[in-house]
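The structure under discussion appears below in the form of structure tokens.
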Amino acid sequence: MGLVQLVTVVFIDTVMTDNAKAQIYENLAVGGNVFVELMSRRARQLAQMTHVLSMDFAFKNAIATSDHETIISVLENLKNRINAHVVMLISLERSVTANTMHTESINDTIQMAAALTEAERHGEASAIVTMDGKTYQITIVPLLAPDPIAWLCTGFEVDNRLLSELKKLILADVTIINMSNTVRKPIVASTLPLHASDTLLKSLLGVNAKEADTFEVNYKNEIYVSAKTTLYKADGQTIVTVLQRSLNDVLKPFYKLRKILYSFFILTLLLSILVSFRMARTVTRPVSTLVEGVREIAKGIYNHRVEIAQKDEIGELAEAFNVMSIGLEEKELVSDLLGKVISAPIAHELLKKGVALGGEQRQVTILFADIRDFTTISENRPPKQILTLLNMYITKMSAIIERYGGVIDKYIGDAIMALYGAPISSPDDADRALNSALDMVEALTGLNIEIEPMGFAPLNIGIGINTDIVLAGNMGSKSRLNYTVIGDGVNVASRLETLTKTAEFNTKIIVSSSTLDKSSGQYLTRPLGHVAVKGKSDKVTIYALDGHTIPAALPPAPQGNQGRY
């Protein structure tokens, strides 16, 4: 806003200055014409008065006497009657026979040939001449008796007093300059101070004759707009009139307006600053607060709230932001709780595909793990101790299953059902399940050491593993469902876990041939024969899993099972 106003003020200043100059030039041009017309009218009036006096009979008789003293006396009388500065009598041969300026001189010559020639042609003439270092406006009329016997010349000095009177009429300073090189004092007369007129003369001499007759003069940091007019040019001399007006004088009204504009500019600038601070408090700061809030939300800090006590759109936005952060916080709590109730990959799959009943056929490796004789262990034990034991056991076993990318399908009392290949599958799902089972048996040794001080007998587990095509998806009702797998493959895995109780097998892990066929690792196994599963006519070939022939490296978990969902 300040920049716009500054440009506006500068633009107005420039326009006003240019308009003032244009107006001055126009006025000076008119003033120049008026000045020339006034000088011409003055010359005509002088000629008329001279004509009237030249017709006087007594005047003619005095001239006819040819007595020099008498003629001088008559000329002096004429000069006083018309208030002239000089009166001369010029013979037809163009010599001065009498001159009130030089009463003793006879038959002097004078530089006014052009004016005398014009008088001979038109009966009268006017001119501007320089005599004795002074400049005169003269008129020449014939002295008739009845034919011309001489020329009567009268003149007025062109001086500062004359120009001061003309200045009142044309409202401009006037300077008359003789441009002839032979003149010692070029400035004839001027209404300007002496130093200003000298500066004007220097500027005028620096203007080429071919240039425009308008120019500017800088005198004491004040600009004078000037217009030049040729007043008289003849007999080897050129006399010009220069009219000037001070630009500052013309612009005085505008200077007052400019002060008002500058004051208005400063006032509006201060108001703009105050408005800016106000905007910073009502707009910029609240927006910065909102931006900071968004950054906190991006960091996962969903309990962040913004405090903006405004009743405008910004306030509504802040309120909406807080509502959003509350919703995100609640969603985070739900997601965290969902991840604890069901496995993270299952939750991710539900959120990604949407919650809907139904499923799809997939090849899945199912693992069932169960604590042996848990009922006997639980006898005569408070429920709280039993729950503590179960939590310790399930925590260790679940961690191993999840480390290998397995998905906890459900906890059935002291039993664990885990899936490898649903909802996310990988090429080595069978190996992951086998390695999980071996690590679970190994981890049980450490758990038994932990629970011994609690008075619990050592735990023993049985694990069954089977790989088959099953139906994986959301089972249950529209109001309550569970992501799980169903099919014969699940029943087989459960049956194999039960077979670990058979003493003659002497193993904690039983796997089906289909799982070993899908595995690529090297394991210590023992064939256990073929068993029939309830509901199936074909028997299943089973093996005891006793360990690795080569220690297995931990395979990376499949993509999508980790992270937030």
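Kindly evaluate L251 against the criterion of being closer than 30 Å to E216 by Cβ, modelled with pLDDT under 75 and in a helix (DSSP H, G or I). Yes: the conditions hold for L251. For the structure I just gave you, tell me whether E26 is more than 57 Å from the chain's Cα centre (by Cα) and under 20 Å from R245 (Cα atoms). No.
In this structure, does R161 turn out to be farther than 30 Å from P193 by Cα and assigned by TED's automatic domain parsing to the domain that holds L53? Judged against the criteria, R161 is not a match.
Residue pairs whose Cβ atoms lie under 6 Å apart, sitting 6 or more positions apart in sequence or on different chains, and linking a residue in region 11-23 that is under 19 Å from T214 (Cα atoms) to a partner that is outside any helix (DSSP H, G or I), are K21/V225. Screening L528 on (1) buried (at least 17 other Cβ atoms within 10 Å of the Cβ); (2) touching a residue at least 40 places away in the same chain (Cβ under 8 Å) shows it passes everything except condition (2).
Restricting I140, I128, I82, I176 to those that are at pLDDT 80 or above, surrounded by 15 or more Cβ atoms within 10 Å (Cβ to Cβ), touching a Cys at 6+ places or on another chain (Cβ under 7 Å) and under 30 Å from G32 (Cβ atoms) reduces the list to I140.
Scanning region 480-507 for residues that are assigned to a helix (DSSP H, G or I) and of a type in the set (A, V, I, L, M, F, W, C) gives V490, V492, A493, L496, L499, A503, F505. If I filter region 278-321 down to residues being of a type in the set (S, T, N, Q) and in a loop (DSSP other than H, G, I, E, B), which single residue comes out as farthest from E332 (Cα to Cα)? Of everything passing the filter in region 278-321, Q310 is farthest from E332 (Cα to Cα). Only one entry in I469, I451 is farther than 21 Å from Y404 by Cβ, outside any helix (DSSP H, G or I) and of a type outside the set (F, W, Y), namely I469.
Name the residue that is surrounded by the most Cβ atoms within 10 Å (Cβ to Cβ), counting only residues in region 223-265 that are assigned by TED's automatic domain parsing to the domain that holds L192 and among the aromatic types (F, W, Y). Among those residues, the one meeting the criterion is Y224. Against the criterion of being farther than 30 Å from G2 by Cα and among the aromatic types (F, W, Y), F264 does not qualify. L169 fulfils the conditions (1) under 20 Å from V34 (Cβ atoms); (2) at pLDDT 80 or above except for a single criterion, (2). Screening E307, E319, E332, E313 for residues that are modelled with pLDDT under 80, over 30 Å from G405 (Cβ atoms), more than 29 Å from the chain's Cα centre (by Cα) and not β-branched (V, I, T) leaves exactly one candidate, E307. Considering the conditions (1) modelled with pLDDT of 75 or more; (2) within 54 Å of the chain's Cα centre (by Cα), V207 is excluded by exactly one of them, (1).
The values are calculated or read from the model by the stated rules, or taken from the named source; none is laboratory data. A quick note: this is a predicted structure, and the numbers were derived from the prediction, not measured. Reconstructed Cβ throughout: ideal geometry from the backbone, glycine too, with neighbour counts over all protein chains shown.
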